[in-house]
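Everything on this sheet refers to the single structure shown next.
No lab work stands behind these numbers, since they all come straight from the coordinates. Predicted, not measured: the structure shown is a model, and the values here were computed from it. Cβ atoms come from the backbone with ideal geometry, glycine included; neighbour counts cover every protein chain shown.
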There are 6 protein chains.
Amino acid sequence: MTTNRYPAPELKDLPDDIKAKVLEVQEKAGFVPNVFLALARRPAEWRAFFAYHDALMLKEGGSLTKGDREMIVTATSAANQCLYCVVAHGAILRIYEKKPLVADQVAVNWRKADITPRQTAMLEFAMKVCLRAHEIDDADFAPLHAHGFSDEDIWDIAAITAFFGLSNRMASFSNMQPNPEFYLMGRVPKQK
Amino acid sequence: MTTNRYPAPELKDLPDDIKAKVLEVQEKAGFVPNVFLALARRPAEWRAFFAYHDALMLKEGGSLTKGDREMIVTATSAANQCLYCVVAHGAILRIYEKKPLVADQVAVNWRKADITPRQTAMLEFAMKVCLRAHEIDDADFAPLHAHGFSDEDIWDIAAITAFFGLSNRMASFSNMQPNPEFYLMGRVPKQK
Amino acid sequence: MTTNRYPAPELKDLPDDIKAKVLEVQEKAGFVPNVFLALARRPAEWRAFFAYHDALMLKEGGSLTKGDREMIVTATSAANQCLYCVVAHGAILRIYEKKPLVADQVAVNWRKADITPRQTAMLEFAMKVCLRAHEIDDADFAPLHAHGFSDEDIWDIAAITAFFGLSNRMASFSNMQPNPEFYLMGRVPKQK
Amino acid sequence: MTTNRYPAPELKDLPDDIKAKVLEVQEKAGFVPNVFLALARRPAEWRAFFAYHDALMLKEGGSLTKGDREMIVTATSAANQCLYCVVAHGAILRIYEKKPLVADQVAVNWRKADITPRQTAMLEFAMKVCLRAHEIDDADFAPLHAHGFSDEDIWDIAAITAFFGLSNRMASFSNMQPNPEFYLMGRVPKQK
Amino acid sequence: MTTNRYPAPELKDLPDDIKAKVLEVQEKAGFVPNVFLALARRPAEWRAFFAYHDALMLKEGGSLTKGDREMIVTATSAANQCLYCVVAHGAILRIYEKKPLVADQVAVNWRKADITPRQTAMLEFAMKVCLRAHEIDDADFAPLHAHGFSDEDIWDIAAITAFFGLSNRMASFSNMQPNPEFYLMGRVPKQK
Amino acid sequence: MTTNRYPAPELKDLPDDIKAKVLEVQEKAGFVPNVFLALARRPAEWRAFFAYHDALMLKEGGSLTKGDREMIVTATSAANQCLYCVVAHGAILRIYEKKPLVADQVAVNWRKADITPRQTAMLEFAMKVCLRAHEIDDADFAPLHAHGFSDEDIWDIAAITAFFGLSNRMASFSNMQPNPEFYLMGRVPKQK
């Protein structure tokens, strides 16, 4: 099944603040990622969703790079089998990391990906938050500290994982499809 | 382990909008539920979290009662073994449903709980969103429609489940503890 | 579904020895816990069940307190999602431990409960007996010995877990419901 | 590891009633099955265990044959990976069913075993009691009724499964080894 | 970790029959897929592996297209988290199906992929062979027959799944890495 | 269900090379193991299957004995619940190891079997290849090296496991039944 279960609103019918943000994204990306329209049918949820997203993904400070953040999203979304997030955030991951192969590696089996030991430790923790958060204990923090992650960084890893767990479930349940543009983005030179 | 891993800020140090909301909750509940302070160390995330929460849990319209909403939270948080959410939202569930036994039943085994067939169908769907959202297909919507849930109601069920999946992971990872007051709330007359 | 699948016999129709025990329990607790009547439809099984129960739960000697024993029952019954045992034995756990919050903590996520490190080690072992007894090996005994448990204590932990695994399956299969009295017991002063 | 973790008492040191039963079994079987001595170190538990066992396995009446009962034990003990019970009860199953191949078939994959459709339905239910008793609902009873099982027969199936779940956990935890005699019993003519 | 654990032999050191096949593949694909060299360190296994591969994947006749066959490989290899097979066979899938998006869809969540209902039924069966072959029964064949698959086609589906289950385990265990060329193949026009 | 889903060809209709091999096996074993005829309906697959089988199981050199190899097959086939392979290869295991009890032990719970610590380490690795090959990392190789297994031996362990994973799936899907002769083989003196 490849159609969203819930019809997306048209751009012209959106509240002004949402419309403005959508147009800004379109300007920057060259297209409107489907999640912006799919969630806009519920403006209050839309605003909370993107406020949360931006607080976590556009955050200044801390030791997580933008590539690290997208890598967490890609790995945990793959564990949740979320088509939208793996394809869309895998694309952004490729761009930030400037590594055309890394998203597929992280999505299929992050243990085999061409990433740093620090990133492997980061994903190990993210996957436990994703799949067995109730079992997290002190022993899970030690390897992250050893790689130089602060407690605030660890909060970032957990929060990004938790937020995209929400996003994954919304996308899967509503059958949200990634825009075709995402599939190729970051794979070839000049591709933007 | 029974202490939050991350120190909560003091009320006096919070931004005004957050402080105002916390005081309002304290006024109404008689105490400050720990989640309000625990998340306040990150104001931007706090604002997004509660905006999302309120959009889903205080929503007007639709066929889900407030009791239904808390029942979804209790059942799915139990599946995620989230101590904070099961205890806190189980308390609110007892109050809204005016059934002192229902929260424990739903948390231990929702299939055996003294709830309506409509609520059982609602929880069946919520549990699938919680545990296997990637497997949801058309066949999962039919029984909900048969019980009178609209597509908007189903979105509510899914979104509440997804949002508290986020909340569960944050609470478990950070070792958030429920306030002692919640454990007894709604179990005895006059309580609250 | 909230009715036992199998009708319970009436007190007056029970064999004398069973009737005597039921009356004794009623005298002590103020009500007849449903398990006493539900299993009494099969007198030979009833006698074996309670003989086994008493040999494990009323045993003199060893380092396990009565609170420890009920804690094992509550934690493993929660893993088996047995409504009857979690609610009934959670009540007794609260009373023996004199901790009104401990049963809910142990049932939802024993790793987050306000219990001693010795009790945590005890539950770690009990959960392995409950869920993966076939994988138990020498390495599982070492941490228990380190906490002062003797081999006889460890037998107690395993046997209590195994016996309530039986009890959980009988209660779930037959839809045995906990008496309403259990839900509140041990939560408030004077209660009992 | 192939030695019982807990030393078995010697026959001469057993209480009279237990000694008498052990001698009776030895007379009948030609050897003392290890479970009789392994559990005898705890006389009260021994008595309850075998009283329960006999109530379920030697029961008169009902539509379950002795072969059916041993088949339930073999299938569920295999699911629990209990070496003692699969080997010992598989032997008895071969004898009662007079089918030298049936125990291995049932232990490895009961769905492929040369048994009747009625026995397949019986095992389907037993496996659910063994692995997911908390999910049992009305729909699980219908196919058993269709095969002529009464509600009392279904209780027998569940109780045998539950009891051997206890037995499996005790045997696995304590590393109880089946007597060598069991491995060959019922496989060749004249054997026994 | 991104290096094969076992060093691959050099082309010049290979037996003549293997060298000939490798050169033929290189001629056709423009590069030597790593699996050809990685397995060549064991010539007898290499010959059996590719004989089996060709018998299943290059088979004439039957209703499975080459695209169908690669789709089975991609979906089941993703379930086994095999990086090499998902990337390499996903590439071939894109080419045969002439659908640049289909491989990512099938790998992340085949239930959401833009494929035909016939292909969905095919993958449903393949996934059961991959994950729970021991539970396959008659009921699994009916939907395939309904979509026009013959028993021989069903054997093909099962055999391809089983063979790549072998391949997945060899690739994962030995840390076989896909050639970089595969990642982009079939995604852009003119790509070969 | 106890009949193969796919009819086996008759010996007389087989290609000459296959017929010759079948007759050779019959001469040696006294009967034709069903797998030889069941797969012969597809001669090209048959040839690849047995070439692979022989390369792994009849290999000269390395530290794995023939008993070790059959032990790997028995343990992993039991994990896959493959009736044919557990019964047939369990028989050969008994013969090679000259231990009439070992096959049942390994099949029911290899952790409790009367085998050497070296064999336990070997099976631990084989089971990970069987069930979670994608998680294998360097740490899994260390205990094998400590027991004297070379990297080539480890390849053998992995390849045997992977190959019989294929075999298990083919046998289960097609409902291949073990010959009755296998069940008793190696259990009694003189049995060959």
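Averaged over the residues of peptide E:128-139, the number of Cβ atoms from other protein chains lying within 10 Å of each residue's Cβ is 5.
Membrane-span-like helices in chain B (whole DSSP H runs, Cα extent of at least 18 Å along the helix axis, mean Kyte-Doolittle hydropathy of at least 1.0): B:83-97.
Absence of a disulfide-compatible partner, taken as no other cysteine beta carbon within less than 4.7 angstrom, is noted in chain B for B:Cys130. Between C:Glu181 and A:Thr3, what FRET efficiency follows from the Cβ-Cβ distance if R0 is 56 Å, with the result rounded to 0.05? Efficiency at R0 = 56 Å is approximately 0.55. Label separation (E:Val32 vs F:His147): 3.5 nm, computed from points 7 Å beyond Cα along the C-beta direction.
Annotation: amide H of E:Asn4 within the under-5 Å range of E:Gln177, sequence separation 5 or more or interchain, hydrogens built in the peptide plane. Placing dummy labels 7 Å off each Cα toward the beta-carbon, the span from A:Glu10 to D:Asp114 is 7.1 nm. For chain E, the Cβ-based charge dipole about the Cα centre amounts to some 780 debye (Lys, Arg positive; Asp, Glu negative; other atoms uncharged). Among the listed pairs B:Lys66/C:Lys99; D:Lys66/D:Lys98; B:Lys21/C:Lys112; E:Lys28/E:Lys98; A:Lys12/A:Lys66; D:Lys66/D:Lys99, which have their C-alpha atoms separated by more than 20 angstrom in this model? Too far apart for the 20 Å limit: B:Lys66/C:Lys99; B:Lys21/C:Lys112; A:Lys12/A:Lys66.
Here segment E:17-76 is treated as an ellipsoid with the same Cα gyration tensor; its semi-axes, largest first and in whole Å, are 22, 13, 12. Count Lys and Arg as plus one, Asp and Glu as minus one, and take only other residues whose Cβ is under 14 Å from that of B:Asp114; the net charge is then +4.
The two copies B and F are related by a rotation, and the chain B beta carbon nearest its axis, with distance in whole angstrom, is B:His134, 9.
Give a quick list of chymotrypsin sites (Phe, Trp or Tyr not before Pro) in segment D:15-49 that DSSP marks as loop, anything other than H, G, I, E or B, with at most 14 other Cβ atoms within 10 Å.
Answer by residue number: D:Phe31.
The mean number of partner chain beta-carbon atoms within 10 angstrom of a residue's beta-carbon across peptide E:86-93 is 1. Net charge of the neighbourhood of E:Leu14, taken over other residues with C-beta under 15 Å away and scored Lys/Arg +1, Asp/Glu -1, is 0. Per-residue shielding of D:3-10, expressed as the average number of other chain Cβ atoms within 10 Å of the residue Cβ, stands at 2. Taking label points 7 Å from Cα along the Cα-to-Cβ direction, E:Val25 and D:Lys98 give a separation of 5.8 nm.
Rounding to the nearest 20 debye, state how big the charge dipole of segment A:93-192 is about its Cα centre with +1 on each Lys and Arg Cβ and -1 on each Asp and Glu Cβ.
740 debye
Sorting the segments A:99-106, E:71-78 by their residues' average number of neighbouring beta-carbon atoms within 10 angstrom, most packed first, yields E:71-78, A:99-106.
With K and R counted +1 and D and E -1, the other residues having a Cβ less than 15 Å from that of D:Val102 yield a net charge of +3.
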